[in-house]
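Colleague: Here it is, the structure, as structure tokens.
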Amino acid sequence: MKARTLFDKLWDSHVVEKLPNGTSVLYIDRHLVHEVTSPQAFEGLRMSHRRLRHPEATLAVIDHNVPTTDRDQPIAEEQSRQQIEALQRNVKEFDVPFIPLLSDKQGIVHVVGPEQGVSLPGMTIVCGDSHTSTHGALGALAFGIGTSEVEHVMATQTLLQKPAKNLKIEIEGTPKVGITAKDIILAVIGKIGTAGGTGHVIEFTGSVVRNMDMAGRMTLCNMAIEAGARAGLVAPDEITFEYIKGRPFAPKAKDFEQAVAYWRTLATDEGAHYDRVVQININDLEPMITWGNSPEDVIPITGKVPDPAEIADESQRKRKQRMLEYMGLKPGQPIKGVKIDAIFIGSCTNSRIEDLRIAAQIAKGRKVADHVWALVVPGSGLIKKQAEAEGLDKIFKEAGFEWREAGCSMCLAMNPDRLQPGQRCASTSNRNFEGRQGPDSRTHLVSPAMAAAAAIKGELTDVREMM
Amino acid sequence: MEKFDILSAIAAPLLEANIDTDKIIPARFLKTIQRSGLGKFAFYAQRYDENGNENKDFILNREPYRHAQILITYENFGCGSSREHAPWALLDMGIRCVIAPSFADIFFNNSFKNGILPIVLPRAICDQLVEDCKLGANARITIDLKKQQIIRPNGETIDFDVDPLRKQLLLDGMDDIAQTLQYVKEIDQFEEKRKENQPWFPSIQSKELNP
């Protein structure tokens, strides 16, 4: 049999029917649902008198809109409340498994899926959210879909899809102290660009990925979408199986052994064809930070803001000039030392217990600068509980960070957590688009360690000086 | 979904690459539980000033472009989030066709499902069409989906590619679910085979979530 990649195997094992135009009816194993992209899909089902084909393959959770304080109070913002109540009604009417807001298990959908063992290797996983790529870290084909597709999966448990191309990103070298998965993925996006992965599924390989923990792999795959890829993947291995073992919805005992035996067959075969290969050595990688309004606008913390005048293409030049204006930066200015107003540690990119531990290490025994608003938002209620058991909440609170309830929070500022116009934030989230953290907000994407360091110094800074 | 066959309309140039979905519709406007009504929030940050008044410099606020049904833009249009609110907002403001050198994958798929035709053409041809946009209030660009042709104001035609299945669904105004439900038997068989081969495959039971 022809040598196949991990993606090829995931794809082939889910094709229900190949249609003449190259599209396939692709079977979907898991459908994760949240309050923002589902109401119109449920409405569509209702209007056409359809039901979910497999409610027991579906899991709904509230994350985008939820306040991160005073959870026992009614939700103040009228439209947020309506959207949340719509989901609560819909899961009842359509019998969809649902994690209520006040449950410990509540959290960001892409944190909850792996944490509960709902997302497993070898699966196809979709959600009406682009960062569904996160679940690819388990060796599952996981990608974001629009609301029409949400309805389609609900009604048919399938999607109409065309196969993607294979892009291998091989990461080698030894990371220096202070370098995390976030710095690596920012460097990758800086190298290949936000459209570098368009039409492709990225498989992350190489010794760095093989030695990386699941949290790091999730950070990598989470931001595959920021490189334009449809999905990110890491081949499942012992680290993956160890992570899954004992999780609530993972197979148990004999079933687990059988599952692992199958999951072991998923890794890319020797000699399989990739349409493109990108190699990156991280020996000399420094902590990375974005300066502009696209995740590809990335420089090392020791670097300077680029000068758009050097760009030949006019529309590109104008775009970068506009970014500098929006971000309030000057060409050639060192990025280190730029004063900030806020930091945000959280989001499906960087809100796992490992992320909080690193940030707490930096925060320990120090104080947040007086002018900085510092927000720590765990990815799930269970992570929050774990962090509290380890005393991380105390470290954060004593240092002057706010310790919040789980949710998407200031990654996209759909809830009350948002910046004021013109405010500058070092953020562990995934997008630095204009207005992302509130109208006219300024976002610099960084790792959790870098965000914590910035909070203490009150400016963008090199975390290595604080380690 | 509204059918798409021939569209003859004003086209507006948006001369930027990487126009992301947050730019098309900022996250704070995603709280609706309906598909309609998002048009007034499209391109919000560029379209309105801080007091919510129209920004006269923004192209889609100017005559004749405020009546545009076609957008001509640059690379990687629609990058970022999977929010279908982006095509809903465009559709609600009257846009039925977007022409660009490239699109982000999810936005590209979402467009078709809402009766918006995304057309991929090389940058040089997009630039020609941008010139056509400037020919004044009476100039129109025509999109003939059946023939897969764009007819410029000067009568010249430009051929474009479109996936045959997507084309048919657009021409018929038919939704994907009806199309897929023709394969229900195959889906049943797939599930039976899986039960046999992977008896360990877990399901999600509500009672385990809320004991």
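The values are calculated or read from the model by the stated rules, or taken from the named source; none is laboratory data. These numbers come from a predicted model, not from an experiment. A quick note on method: Cβ atoms are made from the backbone with ideal geometry, for glycine too, and the neighbour counts reach across all protein chains shown. Remember, those area values only see protein heavy atoms, side chains included, never the ligands or the DNA or RNA. Shrake-Rupley method; radii C 1.70, N 1.55, O 1.52, S 1.80 Å.
Colleague: Please state which one of A:79, A:73, A:88 is open to solvent by 10 Å² or more (accessible area, probe 1.4 Å), part of a helix (DSSP H, G or I), out of contact with any Gly (no Cβ under 8 Å at 6 or more places or on another chain) and modelled with pLDDT under 95.
Modeller: A:79
Colleague: May I pose another question? In the set B:95, B:72, which member is modelled with pLDDT of 95 or more, among the hydrophobic types (A, V, I, L, M, F, W, C) and part of a strand (DSSP E or B)?
Modeller: B:72
Colleague: Is there a residue in region B:133-140 that is open to solvent by less than 30 Å² (accessible area, probe 1.4 Å), within 8 Å of chain A (Cβ to nearest Cβ) and touching a Phe, Trp or Tyr at 6+ places or on another chain (Cβ under 8 Å)?
Modeller: no
Colleague: If you don't mind, there's one more thing I want to ask. What is the residue count in region A:47-70 for residues that are open to solvent by 30 Å² or more (accessible area, probe 1.4 Å) and assigned to a loop (DSSP other than H, G, I, E, B)?
Modeller: 8
Colleague: For residues that are in a helix (DSSP H, G or I) and open to solvent by 10 Å² or more (accessible area, probe 1.4 Å), tally how many sit in region B:113-131.
Modeller: Total satisfying the criteria: 6.
Colleague: I need the full set of residues from region B:158-211 which are within 8 Å of chain A (Cβ to nearest Cβ), more than 25 Å from residue A:122 (Cα to Cα), at pLDDT 90 or above and open to solvent by 70 Å² or more (accessible area, probe 1.4 Å), in order please.
Modeller: Result: B:164, single match.
Colleague: Quick check, is residue A:341 within 22 Å of residue A:67 (Cβ to Cβ) and modelled with pLDDT of 95 or more?
Modeller: Judged against the criteria, residue A:341 is a match.
Colleague: While we're here: Identify the residue in region B:9-38 that is in a helix (DSSP H, G or I) and within 30 Å of residue A:314 (Cα to Cα) and, among all such residues, is farthest from the other protein chains (Cβ to nearest Cβ).
Modeller: Once the filter is applied, the top-ranked residue is B:24.
Colleague: Next question, about the same structure. Considering (1) away from every other protein chain (no Cβ under 14 Å); (2) in contact (Cβ under 8 Å) with a residue 40 or more places away in the chain, say which one residue A:156 fails and leave the rest.
Modeller: (1)
Colleague: Working only within region B:132-154, note down all residues that are farther than 27 Å from residue B:172 by Cα and not in a loop (DSSP other than H, G, I, E, B).
Modeller: Across region B:132-154, the qualifying residues are B:132, B:133.
Colleague: Within region A:387-407, restricting attention to residues that are open to solvent by less than 10 Å² (accessible area, probe 1.4 Å) and within 26 Å of residue A:82 (Cα to Cα), which residue is farthest from the other protein chains (Cβ to nearest Cβ)?
Modeller: Result: A:406.
Colleague: Return yes or no: is residue B:100 in contact (Cβ under 8 Å) with a residue 12 or more places away in the chain, of a type in the set (A, V, I, L, M), surrounded by 15 or more Cβ atoms within 10 Å (Cβ to Cβ) and at the interface with chain A (Cβ under 9 Å from one of its Cβ atoms)?
Modeller: Taking the combined requirement at face value, the residue does not satisfy it.
Colleague: Which members of region B:58-91 meet the condition of being more than 13 Å from chain A (Cβ to nearest Cβ) and of a type in the set (D, E, K, R)?
Modeller: B:62, B:63, B:66
Colleague: Could you list, in sequence order, all residues of region A:184-227 that are free of Cβ contacts under 8 Å to residues at least 60 places away in the same chain, of a type outside the set (A, V, I, L, M) and crowded, with 24+ Cβ neighbours inside 10 Å?
Modeller: A:197, A:204 - these are the residues of region A:184-227 that are free of Cβ contacts under 8 Å to residues at least 60 places away in the same chain, of a type outside the set (A, V, I, L, M) and crowded, with 24+ Cβ neighbours inside 10 Å.
Colleague: Taking residue A:233 as meeting all but one of (1) open to solvent by 10 Å² or more (accessible area, probe 1.4 Å); (2) under 28 Å from residue A:297 (Cβ atoms), write down the number of the exception.
Modeller: (1)
Colleague: Restricting attention to region A:65-90, report how many residues are more than 8 Å from chain B (Cβ to nearest Cβ), touching a residue at least 40 places away in the same chain (Cβ under 8 Å) and under 23 Å from residue B:206 (Cβ atoms).
Modeller: 5
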